[in-house]
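Colleague: What follows is a single structure, and I will ask about it in a moment.
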Amino acid sequence: MNKRFYPCIPPKRRREIKLLVLCARGRLDDESIVQIRSLVDETVDWDYLIKTACAHNVHFLLYRSLKKACAESVPNEALKTLEREYDINSRRSLLVFGKLVSILKLLQDNHILAVPFKGPVLAEMVYGDIALRRFGDLDILVNKHHAFKAIRILEDYGFRPEINLNKKQIFAYAGKKSSIELTGNMSGLAVDMHWEMSGSYTFYPMDLSRMETHLIKVNIAGKTINQPCAEDLLIYLCLNGARDCWQDMESVSALAGLIQSHPEPDGMRLMQLSSTLRCQRSVGLGLFLACDIFHVSLPKYMMTLVEKDPVIPELAETVYNSFFNENNGTDAAKVNSKFSAFHFRVRDRWSEKIRYGKYLLLGATAREWENFPVPAKLCFVHSILRPARLFLNFLARRFRVHGLKN
């Protein structure tokens, strides 16, 4: 553990956190196994360890590592608890992966290129086991001009979109938002249909027109699936982590696992793309966290993104403090708020900070489209309704707080 991460860990919990970090690595090496055995031989607060692992979504990785390194030294009750959670997730992951394969085939049969990201495919790529990540939905990327057709196909397959829009409204909505959620009527499984991966975090969109020629093939359980190349996926994981304020250790572990499983990405493409998208600080922060927590070795060109920006270590400390603060729920909520200073500081330049502020105030959400349905040509009305709704929500919160004080 390096100088930024270690001091943020509560002193009385350093043994458990060190053990958790070792177990949360994407790929276990012999040295890590020796260190895990050494730590397990000491007094471990197993209740705290498991609780923290669950909070950081690395309890499946904890189970895998303990079972491989020293199952005989782990209290039976603790190992059984982790095993039960892993088995439940394993069965669910297989069902979700089966559903993903069916959806991809359905879209392919209708001549729609669809690229899943995150979820079971990412778990296989970085951990070698789809059951080692928890995922609540499926994220699928399509071309924007295929969005309406893809939504209608999934509707016929038993999925219901979060808002009902006609074709013109969908194209207007796609110009403002990056995805729409659909939920299975029977399964309850959610599919986030994306036509752009980066949301409001980049100057230019990360869409299939930019990535299609760089897609790679990944084989999972005999199925060949399109995936973004390592450089595009690395940038996306850094952006997604920044968007969620790196809310758990698993998000860093997945990034570290990707770097370790693809040790020689196209450095020129990575540097050029992060510069073009104006997200070098977000990428640098992700690389810093992966290096600082999991001791990932970075190529020299990656290190330049980390070392040249003095704000990155400060942002990392904000992430670490939200990891282990005793008031983690309250503090994390403050950091995770889209209006928090973190979201502005993680942006490369002032023009991007201003653009993000404008997006927060004027960027209509699915809620505006659902509550105030208008024809596509009048969708600008939502940009007026958005600040009004934010102001009313602010007043409601103030009244609640004032009422509690009285």
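The values are calculated or read from the model by the stated rules, or taken from the named source; none is laboratory data. Quick caveat: nothing in here was measured; it's all calculated off a predicted structure. A quick note on method: Cβ atoms are made from the backbone with ideal geometry, for glycine too, and the neighbour counts reach across all protein chains shown.
Colleague: Could you check, for the range 163-179, whether at least one of its residues is under 22 Å from residue 228 (Cα atoms) and of a type in the set (Phe, Trp, Tyr)? Don't jump to the end; show me each part of the working.
Modeller: Just the residues of the range 163-179 that are under 22 Å from residue 228 (Cα atoms), to begin with: 174, 177-179.
Remaining after also requiring of a type in the set (Phe, Trp, Tyr): none.
No: the range 163-179 contains no residue that is under 22 Å from residue 228 (Cα atoms) and of a type in the set (Phe, Trp, Tyr).
Colleague: Also: Residues in the range 82-94: is at least one of a type in the set (Asp, Glu) and over 25 Å from the mean Cα position of the chain (by Cα)?
Modeller: no
Colleague: Does residue 128 fit the bill of being surrounded by fewer than 18 Cβ atoms within 10 Å (Cβ to Cβ), within 21 Å of the chain's Cα centre (by Cα) and of a type in the set (Gly, Ala, Ser)?
Modeller: yes
Colleague: So, one more: Could you pull out the residue among 296, 306 that is part of a helix (DSSP H, G or I) and either among the small types (Gly, Ala, Ser) or at pLDDT 85 or above (or both)?
Modeller: Testing whether each residue is part of a helix (DSSP H, G or I) and either among the small types (Gly, Ala, Ser) or at pLDDT 85 or above (or both) leaves just 306.
Colleague: Just to be sure, is residue 174 on the phi < 0 side of the Ramachandran plot, of a type in the set (Gly, Ala, Ser) and modelled with pLDDT of 95 or more?
Modeller: Here the answer is no, as residue 174 does not meet what is asked.
Colleague: Taking the condition in contact (Cβ under 8 Å) with a residue 60 or more places away in the chain and either in a loop (DSSP other than H, G, I, E, B) or out of contact with any helix residue (DSSP H, G or I) (no Cβ under 8 Å at 6 or more places or on another chain) (or both), does residue 247 pass? Outline the logic, then answer.
Modeller: Working: in contact (Cβ under 8 Å) with a residue 60 or more places away in the chain: yes; either in a loop (DSSP other than H, G, I, E, B) or out of contact with any helix residue (DSSP H, G or I) (no Cβ under 8 Å at 6 or more places or on another chain) (or both): yes.
So residue 247 fits the description; yes.
Colleague: Okay, next question. For the range 212-250, what are the residues that are hydroxyl-bearing (Ser, Thr, Tyr) and more than 15 Å from residue 284 (Cα to Cα)?
Modeller: Answer for the range 212-250, where residues must be hydroxyl-bearing (Ser, Thr, Tyr) and more than 15 Å from residue 284 (Cα to Cα): 213, 224.
Colleague: Kindly indicate the residue of the range 309-351 that is part of a loop (DSSP other than H, G, I, E, B), acidic (Asp, Glu) and at pLDDT 90 or above and also surrounded by the most Cβ atoms within 10 Å (Cβ to Cβ) among those meeting that condition. Even if it seems obvious, please write down each step before you answer.
Modeller: Going through the range 309-351, the residues part of a loop (DSSP other than H, G, I, E, B) turn out to be 309-310, 325-327, 337-340, 346-349.
Restricting the remaining residues to those that are acidic (Asp, Glu) gives 309, 326, 348.
Now drop any that are not at pLDDT 90 or above, which leaves 309, 348.
Working: 309: 17, 348: 21.
Among those residues, the one meeting the criterion is 348.
Colleague: How many residues are over 21 Å from residue 255 (Cα atoms), of a type outside the set (A, V, I, L, M, F, W, C) and in contact (Cβ under 8 Å) with a residue 12 or more places away in the chain if we restrict to the range 48-76?
Modeller: Qualifying residue count, the range 48-76: 5.
Colleague: Any residue in the range 203-211 that is in contact with a His (Cβ under 9 Å, 6 or more places away or on another chain), hydrophobic (A, V, I, L, M, F, W, C) and assigned to a loop (DSSP other than H, G, I, E, B)?
Modeller: The answer is no; no qualifying residue exists.
Colleague: Further question: If the requirement is being farther than 25 Å from residue 260 by Cα and either without any contact (Cβ under 8 Å) to a residue 60 or more places away in the chain or surrounded by fewer than 16 Cβ atoms within 10 Å (Cβ to Cβ) (or both), which of these qualifies: 34, 40, 96? Break it down stepwise before answering.
Modeller: Values: 34 fails: farther than 25 Å from residue 260 by Cα; 96 fails: either without any contact (Cβ under 8 Å) to a residue 60 or more places away in the chain or surrounded by fewer than 16 Cβ atoms within 10 Å (Cβ to Cβ) (or both).
Exactly one residue qualifies, and that residue is 40.
Colleague: Within the range 352-384, can you find the residues that are more than 25 Å from residue 198 (Cβ to Cβ) and either in a helix (DSSP H, G or I) or of a type in the set (Val, Ile, Thr) (or both)? Let's see the steps before the verdict.
Modeller: Here is the first cut: in the range 352-384, the residues more than 25 Å from residue 198 (Cβ to Cβ) are 371-375, 377-378, 381, 384.
Within the range 352-384, 371, 374, 377, 378, 381, 384 qualify.
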